[in-house]
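> Here it is, the structure in full.
The values are calculated or read from the model by the stated rules, or taken from the named source; none is laboratory data. Owing to the predicted nature of the structure, the values given are computational and were not obtained by experimental measurement. Every residue, glycine among them, receives a Cβ derived from its backbone with ideal geometry; neighbour counts consider all protein chains shown.
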Amino acid sequence: MRVAVVYLDKIPEALLRVLGNCTATEIALFNLRKTDDDFLSRWKPDVVIYQFEDPSEEHQSRFLLSHPRHTLARIPAFSFSNDIKPDLHALAEQIGFIIHLEPLSLTARELELHLVYGLKLAKATGRKLQPAKTSLDKAFEAVTSFHSTLDTAKVLESAMFHLPRLVPAESWALYLSNEPGKPLRLMAAVNALSAGMPPWVDVQNEEHPLVRAVQDGRTHFINDSDDPTEVKLYLPLLTQGSLFGGIVAVLNREHHTFSEEDTEIAERVSASLALALGNATSFTRAENLSQLDDLTHLFNARYFYQALENELKRARRHQLPLAVVFIDLDGFKEVNDIHGHLVGSGTLVEISQQLQSCVRETDILCRYGGDEFILALPEANLQQAHDIAERIRSRIEVTYFQQHRADNVRLTCSIGISVYPEHGKTAELLVKQADEAMYAAKQAQKNQVVVAKVGTMAP
């Protein structure tokens, strides 16, 4: 009996030990991530055993759901996992495996009986790995996948996996624009280059079939395109105005044309896809808003610590410098006391604008809280950080804020600097060191830049 074992990353030693004790068994190993479709079928196995550990693992699920039914349709297929996972048994049978094997709890004799049973079952019934699915089954599977995540990239990836399996088109392209009037950008595709799909579509070009489909809110079917060998289907993606885009499907005329059923399925699934993308986009927008300061629209402290952690990882990996700059406005309480909180809030907005004009595009500027601001300066050494801090200090000192008022506002600021790795190797310590340096600046007559002291790090 020729048994093909298709595994993920590590050779399944437990399964091989049990198989090795089976009589008259020839075994071949195939890596799931590297297996050539034709090579596996050319080996002509009698039985195939696929590793099935995590159904959410995209590459594995894609392989199991598409490859075997085409190349090894009538060969009995089993699944296995290295560990005992009772929850996988029902799912494996749903996919179409004869049984899910757990080598840790199997004897050679038991495994032999399973394999022989599979051979007899395949011979008697012609059982396939993947049971035949109706179009409705496939559509339901696609819709379920679209709505299983709020990650836009994963929804797009799922769309490009399922759409070609629902409607027989050689090429697919999905275009999106989050704002009406902006170009439609190519966000995901299958064979887009070979079909000549452009990277973007101008929405002002009302003659373009995709633009017409989006504006009309209905499918456009193009049978007389520039290329007489192709038929194209243009589907809109619209959901309550929050999403704006469309899908293009290209079919080679040699493979006939889109049927009414194809078009209907594509429309229904695209409507659900639009809703899933709209939900994901709204979630991302809400998540981004939760990281912004309501008043100044700078990032907030929550975002700052996340960004600083990421920059620290990069600095450690590539041995790069990284600076933190802590800014506190001098005497800002008096602005509120004398002019009122509305003027104080307006002043903070103007100060945030001045700060933005003083930093680099790669710098991370946040409102830390109250009248405090904080900066992360990727790849900035002490001298570069000091230059930026001094630029900020002098800009605040010479600027007249709230100039529309007769009694405009003048302010200064105190600034502290810390640098990785001299003053700290963690986000918390770098912020603490910069904060303490800022307080030292305040105690030394304010309106100045102070660098953290080396050697004051916590152990």
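> Which of the residues that make up the stretch 155-165 are in contact (Cβ under 8 Å) with a residue 60 or more places away in the chain and either under 17 Å from the mean Cα position of the chain (by Cα) or within 17 Å of Gly246 (Cα to Cα) (or both)? Break it down stepwise before answering.
If we filter the stretch 155-165 for residues that are in contact (Cβ under 8 Å) with a residue 60 or more places away in the chain, which is where we start, we get 155-157, 159, 161-163, 165.
Residues satisfying the conditions are Val155, Leu156, Glu157, Ala159, Phe161, His162, Leu163.
> Right, another one. Could you grab me the full set of residues in the stretch 284-305 that are within 29 Å of Thr149 (Cβ to Cβ), surrounded by fewer than 17 Cβ atoms within 10 Å (Cβ to Cβ), touching a residue at least 12 places away in the same chain (Cβ under 8 Å) and of a type outside the set (Val, Ile, Thr)?
Ser290, Gln291, His297, Ala301, Arg302, Tyr305
> Here's a follow-up. Does the stretch 107-123 hold any residues that are β-branched (Val, Ile, Thr) and in a helix (DSSP H, G or I), and which are they?
Within the stretch 107-123, just Val116 meets the criteria.
> Continuing with the same structure: Return the residue satisfying two criteria in turn: it lies in the stretch 187-207 and is over 15 Å from Val250 (Cα atoms) and surrounded by 14 or more Cβ atoms within 10 Å (Cβ to Cβ), and of such residues it is farthest from the chain's Cα centre (by Cα).
Val203
> Ok, one more. For the stretch 264-305, give me the residue count where each residue is polar (S, T, N, Q), out of contact with any Phe, Trp or Tyr (no Cβ under 7 Å at 6 or more places or on another chain) and at pLDDT below 90.
Number satisfying all stated conditions: 6.
> I need the full set of residues from the stretch 160-172 which are over 16 Å from Thr263 (Cα atoms) and either out of contact with any Asp or Glu (no Cβ under 9 Å at 6 or more places or on another chain) or loosely packed, with under 15 Cβ neighbours inside 10 Å (or both), in order please.
The answer is Met160, and nothing else.
> Now a separate question. When both residues are 6+ apart or on different chains and their Cβ atoms are under 6 Å apart, which pairs have a first residue that lies in the stretch 392-407 and is in contact (Cβ under 8 Å) with a residue 12 or more places away in the chain and in the same structural domain as Ile374 (by TED's automatic domain parsing), and a second that is of a type in the set (D, E, K, R) and part of a helix (DSSP H, G or I)?
Qualifying pairs under 6 Å: Phe401/Glu350.
> For the stretch 125-146, what are the residues that are within 24 Å of the chain's Cα centre (by Cα) and either at pLDDT 90 or above or crowded, with 18+ Cβ neighbours inside 10 Å (or both)?
Listed by number, the residues that qualify are Ala139, Ala142, Val143, Ser145, Phe146.
> So, in the stretch 335-391, how many residues would count as being among the acidic types (Asp, Glu) and either over 20 Å from Asn310 (Cβ atoms) or over 36 Å from the mean Cα position of the chain (by Cα) (or both)?
Looking only at that region, the number is 6.
> Tell me the helices (runs of 4 or more DSSP H) entirely within the stretch 2-79 that contain at least 1 residues that are modelled with pLDDT under 85 and of a type in the set (S, T, N, Q). Please lay out each step first, then the result.
Values: elements: 13-20, 37-42, 58-71.
Counting at least 1 such residues, we get 37-42, 58-71.
> Please find, within the stretch 261-274, the residue that is surrounded by the most Cβ atoms within 10 Å (Cβ to Cβ) out of those that are in contact (Cβ under 8 Å) with a residue 40 or more places away in the chain and within 12 Å of His147 (Cα to Cα).
Filtering the stretch 261-274 for residues in contact (Cβ under 8 Å) with a residue 40 or more places away in the chain gives 261-263, 265-269, 272-273.
Now restrict to residues that are within 12 Å of His147 (Cα to Cα): 269, 272-273.
On the way: Val269: 24, Ser272: 16, Leu273: 29.
The qualifying residue surrounded by the most Cβ atoms within 10 Å (Cβ to Cβ) is Leu273.
> Oh, and also: For Ala159, are the conditions met, namely being modelled with pLDDT of 90 or more, in a strand (DSSP E or B) and in contact with a Leu (Cβ under 6 Å, 6 or more places away or on another chain)? Show your work before the answer.
Details: modelled with pLDDT of 90 or more: yes; in a strand (DSSP E or B): no; in contact with a Leu (Cβ under 6 Å, 6 or more places away or on another chain): yes.
So Ala159 does not fit the description; no.
> Please find, among Glu379, Glu350, the residue that is in contact (Cβ under 8 Å) with a residue 24 or more places away in the chain, within 20 Å of His423 (Cβ to Cβ) and in the same structural domain as His404 (by TED's automatic domain parsing).
After ruling out the rest, the residue left standing is Glu379.
> When the residues of the stretch 321-357 are filtered to those that are surrounded by fewer than 19 Cβ atoms within 10 Å (Cβ to Cβ) and hydrophobic (A, V, I, L, M, F, W, C), which remaining residue is modelled with the lowest pLDDT?
Looking at the filtered set, the residue picked out is Ile338.
> Before we move on, is Leu308 of a type in the set (A, V, I, L, M, F, W, C), assigned to a helix (DSSP H, G or I) and touching a residue at least 24 places away in the same chain (Cβ under 8 Å)? First the steps, then the outcome.
Values: of a type in the set (A, V, I, L, M, F, W, C): yes; assigned to a helix (DSSP H, G or I): yes; touching a residue at least 24 places away in the same chain (Cβ under 8 Å): yes.
In short, yes.
> Oh, and also: Picking from Asp9, Asp46, which residue would you name as being within 19 Å of Ala122 (Cα to Cα) and either touching a residue at least 24 places away in the same chain (Cβ under 8 Å) or in contact with a Phe, Trp or Tyr (Cβ under 7 Å, 6 or more places away or on another chain) (or both)? Walk me through it before giving the result.
Numbers: Asp9 fails: within 19 Å of Ala122 (Cα to Cα).
Only one candidate passes the filter, namely Asp46.
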